[in-house]
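Beneath this line is the structure, given in structure tokens, with notes to follow.
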Amino acid sequence: MAPLPKRKISNARKGKRILDKKRKTTLPQLVTCKECGKKKKPHMQCKYCGK
Ligand SMILES: [Zn+2]
């Protein structure tokens, strides 16, 4: 017998979980630093040149 969840997950919750997963997969997007041309996280200080 397979273990069953006590409660059915509502559509809203399911959507939230999917969104969370999507956000996790789309998060590591990098931009090119204008100063040194290295890849860096957007809205973050560049770790190579500090700008
Ligand atoms: Zn830089």
Value of relative contact order over the chain, rounded to a whole percent, pairs C-alpha under 8 Å and six or more apart: 20 percent
Mind checking Rg over Rh on the chain, alpha carbons, Kirkwood formula for Rh? 1.37
Give the long-range amide H neighbours of Cys33: residues separated by 5 or more places, or on another chain, with amide H under 5 Å away, using H modelled in the peptide plane at 1.01 Å from N. Lys38, Lys39, Lys40
Acute angle (nearest 10 degrees) that the helix 11-26 long axis makes with the longest principal axis of the chain, alpha-carbon atoms: 30 degrees
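Quick note: the coordinates plus some simple rules give every number you see, no bench work behind them. In this text, all values refer to a predicted model and were calculated from it rather than measured experimentally.
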